[in-house]
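*Asks:* One structure follows; several queries about it will come next.
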Amino acid sequence: MLDQINNLIKEIMSFSASSVADIEEFRIKYLSKRGKISNLFDDFRSVSPEQKKIIGEKLNEVKKLAQAKLVEINRLFEPKSYKTLEIDYTLPGDPMPVGSRHPVSIVRNEIIDIFSRLGFTVSEGPEIEDDWHNFSALNFPEAHPARDMQDTFFIRKDPDILLRTHTSSVQVRVMERQKPPIRTLSPGRVFRNEAISARHHCIFHQVEGLYIDENVSFADMKQALFYFSVEMFGSDTKIRLRPSFFPFTEPSGEMDISCSLCSGRGCNVCKNTGWLEIMGCGMVDPNVLEFCGIDTVKYTGYAFGMGIERVCMLKYRVNDLRLYFENDKRFLDQFITSVI
């Protein structure tokens with residue numbers, strides 16, 4: 001058998017190919033399942049134990065030799081363009097398309113950046129909540145309409161488990177585990193059982209802020225929100241606060257900003273008022289602080305909340321909320337220069 005292997009080695013070494021067909025013929029003749037080398041491995045089973053080591057080494061040698069020979073003759077018939085390829089490193093590279101962030105993400109990051117300059121940190125919480133964190137701890141009465149199926153996506157009853165309707169639930173969790181001073185921002189996705197239209201959606205994004213410390217006043221809140229409005233919409237922006245009602249703040253207000261599209265003169269976007277509603281706000285109700293174990297004699301605080309899509313609509317003049325959820329590349333490519 002050693003003589004067969006030695007003769008096969010000489011045969012492989014002396015093989016020369018004159019065409020691509022010769023390469024395939026070499027592979028079939030020596031390296032295929034029915035080739036000469038495979039046959040020798042089959043015969044190896046009948047070799048005496050004394051010769052197995054020597055013959056086994058020789059078989060491995062002839063197999064590696066055949067594989068190396070196949071690679072060698074393949075290179076002879078590679079296309080010339082591969083063999084003579086030269087790269088001019090002074091040529092400009094192929095342009096790579098630049099991606100962009102979603103407009104909601106751009107505005108979300110900008111809001112966080114503005115309030116971080118005032119010392120606010122970001123807190124996040126679960127999108128599936130219980131009744132306590134979403135309603136009860138926020139001073140919602142038992143019969144409040146927001147608890148009904150028409151507004152809330154309930155997952156389970158008794159106890160109530162639901163998709164959160166606001167990120168105020170995150171603020172409750174922060175107040176439960178952290179002692180004042182608290183200065184936190186809670187961005188996230190929220191859900192409400194509403195018909196989808198150009199101005200409403202069952203899924204949207206909110207950013208809610210909370211500041212609790214000693215001697216926090218309504219004036220502190222007004223100054224912080226004015227700072228935000230100027231930083232987000234420009235130095236000419238004016239704000240106004242209107243009385244409103246929220247179960248978790250007292251007193252409560254709605255904040256409007258001067259319409260940037262008509263400079264306050266009145267247009268169809270601001271319904272000819274010169275003002276655009278942007279967020280709700282107010283002083284944290286003492287009941288909410290007590291539910292979370294915070295001393296209402298020592299501490300006061302304010303809270304505010306805004307819809308990110310709403311800010312997007314004002315900032316980028318996009319008048320249809322549905323565009324933010326359709327993933328239309330033609331729409332998203334408009335924000336390609338706004339990567340942050």
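No lab work stands behind these numbers, since they all come straight from the coordinates. Quantities reported herein were computed from a predicted structural model and do not represent experimental measurements. Cβ: placed from backbone, ideal geometry, glycine included. Neighbour counts: every protein chain shown.
*Asks:* Quick check: Cα centre of region 280-329 to Cα centre of region 164-206, how many Å?
*Replies:* Their Cα centres are 7 Å away from one another.
*Asks:* Another question, if that's okay. Place +1 on the Cβ of every Lys and Arg and -1 on the Cβ of every Asp and Glu in the chain, take the dipole about the Cα centre, and give the residue among F233, G56, L332 whose Cα lies farthest towards its positive end.
*Replies:* Projecting each Cα onto the dipole axis, the largest value belongs to G56.
*Asks:* Let me know the shape class of the chain, please: from the alpha-carbon gyration tensor, a ≥ b ≥ c as square roots of the eigenvalues, rounded when a/c is under 1.5, otherwise prolate if a/b is greater than b/c, or oblate.
*Replies:* prolate
*Asks:* Strictly over 28 Å apart at the Cα level, which of K33/K53; K10/K53; K10/K33 would you flag in this model?
*Replies:* Cα-Cα > 28 Å for no pair; all within.
*Asks:* Taking θ = phi - 60°, what integer Hz values does the Karplus form 6.51 cos²θ - 1.76 cosθ + 1.60 yield along region 169-178, in sequence order, with x for Gly and Pro?
*Replies:* 4, 5, 5, 4, 4, 5, 5, 5, 10, 10
*Asks:* Okay, next question. Calculated FRET efficiency, A219 and M96, Cβ-Cβ r, R0 45 Å, to nearest 0.05?
*Replies:* Step by step, r from the Cβ atoms, then E = 0.35.
*Asks:* What residues have an amide H closer than 5 Å to that of V122, excluding those fewer than 5 places away on the same chain, when H is modeled at 1.01 Å from N in the peptide plane?
*Replies:* Correct list: L185.
*Asks:* Further question: Considering only DSSP states other than H, G, I, E and B, which trypsin sites (Lys or Arg not before Pro) in region 130-180 qualify as loop sites with at most 16 other Cβ atoms within 10 Å?
*Replies:* Listed in order of number, the matching sites are K157.
*Asks:* In what sequence, highest mean first, do 296-307, 135-146, 116-127 appear when ranked by Cβ atoms within 10 angstrom?
*Replies:* Put in order of decreasing packing, that is 296-307, 135-146, 116-127.
*Asks:* Using 0.36 nm per residue, how much length does the chain from D295 to D328 gain when fully extended, once their Cα-Cα distance is taken away?
*Replies:* Gain on stretching D295 to D328: 6.9 nm.
*Asks:* Through the Karplus equation 6.51 cos²θ - 1.76 cosθ + 1.60, θ set to phi - 60°, convert the phi angles of region 232-242 into ³J(HN,Hα) values in whole Hz; use x for Gly and Pro.
*Replies:* Rounded to whole hertz, the list is 7, 10, x, 5, 8, 5, 10, 10, 9, 10, 10.
*Asks:* Whole-Hz ³J(HN,Hα) for each residue in region 28-44, computed from phi via Karplus 6.51 cos²θ - 1.76 cosθ + 1.60 with θ = phi - 60°, x for glycine and proline: what do you get?
*Replies:* Here the 3J(HN,Hα) series is 5, 5, 10, 10, 6, 4, 10, x, 4, 5, 4, 4, 5, 5, 5, 5, 4 Hz.
*Asks:* Sticking with this one: Restricted to Cα positions, what overall size does region 1-153 have along the principal axes? Three whole-Å values, descending.
*Replies:* The Cα atoms of region 1-153 stretch 97, 54, 34 Å along the principal axes, largest first.
*Asks:* OK, next. K64: which aspartates and glutamates have alpha carbons under 13 Å from its alpha carbon, excluding same-chain residues fewer than 8 sequence positions away?
*Replies:* E72
*Asks:* Under 4.7 Å Cβ to Cβ, no partner at all: give me those cysteines from the chain, in residue order.
*Replies:* C202, C281, C292, C312
*Asks:* Over the alpha-carbon set of region 2-83, divide Rg by the Kirkwood Rh and report the Rg/Rh ratio to two decimals.
*Replies:* Taking Rh as the inverse mean 1/r over Cα pairs, Rg/Rh reads 1.06.
*Asks:* Put a dot 7 Å past each Cα toward the Cβ at I161 and A68; how far apart are the dots in nm?
*Replies:* Those two pseudo-labels are separated by 6.6 nm.
*Asks:* Can I ask one more? Restricting things to Cα coordinates, could you compute the convex hull volume per residue of region 97-146 in Å³?
*Replies:* So the per-residue hull volume is 153 Å³.
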